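To start, the structure itself, in structure tokens.
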Protein chains: 2
Amino acid sequence: MKTVILIGANGKMGQAALTGLKNHRIITASRSGDGCDHIVDITSKSSIKGLFERVGKFDAVVNTVGYCEYASFSEMTSAQWDTTIQSKLLGQINLVKVGLDYINDGGSFTLISGILNVKPIPLAIADATTSGAIDTFVQCVAHELPRGIRINVVNPTVLEEAWGVYGEMMPGFQPVPGALVGKAFERSVDGFITGKVLFVDA
Amino acid sequence: MKTVILIGANGKMGQAALTGLKNHRIITASRSGDGCDHIVDITSKSSIKGLFERVGKFDAVVNTVGYCEYASFSEMTSAQWDTTIQSKLLGQINLVKVGLDYINDGGSFTLISGILNVKPIPLAIADATTSGAIDTFVQCVAHELPRGIRINVVNPTVLEEAWGVYGEMMPGFQPVPGALVGKAFERSVDGFITGKVLFVDA
């Protein structure tokens, strides 16, 4: 049994991840903190540091959040780009950067991207660009992590559980059950792979 | 003959691009402006806008610059990430965003990334991550560009002409002649392809 910090635990992706983490002790966190053990805002390094300080020892960080702004490229403002980069890109990078000071030997980080970097759709250029950045970051930074620490990223298509929200903007996409995405989180946390992009698509 | 704005014209990558643009009218620009027609700082949207206002009509933008900070992941500061993102990622995105208001119908943008997102080396995590972001951005945003406007990115390995500077940090890499990289810029500007990552590697 590992101690796993699950960020965004109450979101649909967090719930999907949870299905793959049943054998572990789960410590939950989210931006609001509602129904979770801890509050964390991944856009703030001090908030991230505070979370790890409060938790103490842990073996894995599973992140399922990263806020993105949606607009056509011509309408996307600098502020919208910045908001997306601060959360989905730098927020996740900082989880790893700060987390390295706290995570146990042989621990793992599992980040989240999303299928729109390889299957582009209208309005999602900031989501796609930062997903591509995170997929690249994980594949490259894996070589630098010390003490047997691993890192992977789950890159899922839309969840069946979220189809009601996103389906209209994703014609021709086949949603997948959250439990299938949970398997990818499980492979990352319980396996020995590192530097991998775990696509879950149909 | 097309009117092409070449940014970073006096750098080694700019000189490489120039070898592929001999059939065109070239307007040069760089951050210092030394030996160039214009000054431009791609980290400033107003500087970019000023360049396009001064040039007037043009058919292509070829960018060969994007400043990156180099450090190990554990040593890379938030300021270093920000500097890299503001230049190599958002600087290039803004060239396209602002340029769309000025470029002729059927024009093209050619951006620059670099091979380290697919061949990682120590100290280059910010370079690699932003290269991956730009490669993704180009592949996705191509679908959104109006008026027959195209976009590609050249993703080269190290140039023979730059081997003296970078060779020591890139053991086992085979440098390529600038003129070969120039062919990729030529394919982007003179071809009909769009949304492509033009790798030049050996």
Inset, instruction - Treat every Asp and Glu Cβ in the stretch A:45-145 as -1 and every Lys and Arg Cβ as +1, leave all other atoms uncharged, and give the resulting dipole magnitude about the Cα centre to the nearest 20 debye. - result: 160 debye
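What total accessible area, in Å², is buried where chains B and A meet, using a 1.4 Å probe and rounding to the nearest 100?
Between B and A, the summed buried area is about 2500 Å².
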Legend entry - 7 Å along Cα→Cβ, label-point gaps from A:Arg147 to other copies, nm, shortest first: 5.6
Inset, instruction - Identify the residue of chain B whose Cβ lies closest to the rotation axis that maps chain B onto chain A, and give that distance in whole Å. - result: B:Ala133, 2
Inset, instruction - Between the chain alone and the structure with every protein chain in place, find the residues of the stretch B:140-164 that drop at least 50 Å² of accessible area; heavy atoms, 1.4 Å probe. - result: B:Cys140, B:Glu144
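For chain B, what does -39500 (n - 2.57) per DSSP helix run (n ≥ 4), summed and divided by total residues, give at 222 nm, in deg cm²/dmol to the nearest 500?
Numbers: 7 runs with 69 residues, N = 202.
So the helix-based figure for chain B works out to -10000 deg cm²/dmol.
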Inset, instruction - For the stretch A:95-159, with all protein chains present and a 1.4 Å probe, just round the carbon and sulfur fraction of the accessible area to a whole percent. - result: 53 percent
Legend entry - Teacher prompt: B:Val165 distances to equivalent labels in other copies, 7 Å Cα→Cβ, nm: 4.6
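If you place +1 on the Cβ of every Lys and Arg and -1 on the Cβ of every Asp and Glu, how big does the dipole about the Cα centre of the protein assembly as shown come out, in debye to the nearest 20? Kindly include the intermediate steps, with their values, before the conclusion.
Details: 34 positive and 38 negative charges, 48 e Å.
For the protein assembly as shown, the charge dipole is close to 220 debye.
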Legend entry - Exam field: A:Gly35 pseudo-label spacings to other copies (7 Å along Cα-Cβ), nanometres: 6.3
Legend entry - 1.4 Å probe, heavy atoms, protein only - residues of the stretch A:94-137 losing at least 40 Å² accessible area vs chain alone: A:Lys97, A:Pro120, A:Ile125, A:Thr129, A:Thr136, A:Phe137
Legend entry - Relative contact order (%) - criterion: Cα under 8 Å, at least six apart; region: chain A: 22 percent
Inset, instruction - Find the accessible area per residue for the protein assembly as shown; the probe is 1.4 Å, ligands and nucleic acids are left out, and the unit is Å². - result: 40 Å²
Legend entry - Alpha carbon centroid spacing (whole Å) that separates the stretch A:110-167 from the stretch B:1-62: 34 Å
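The values are calculated or read from the model by the stated rules, or taken from the named source; none is laboratory data. These numbers were taken from a predicted model, which means no experiment stands behind them. Note that each Cβ is placed from the backbone with ideal geometry, even for glycine, and that neighbours are counted across all protein chains shown. Heads up: the accessible areas ignore ligands, DNA and RNA and are worked out on the full protein's heavy atoms, side chains in. Shrake-Rupley method; radii C 1.70, N 1.55, O 1.52, S 1.80 Å.
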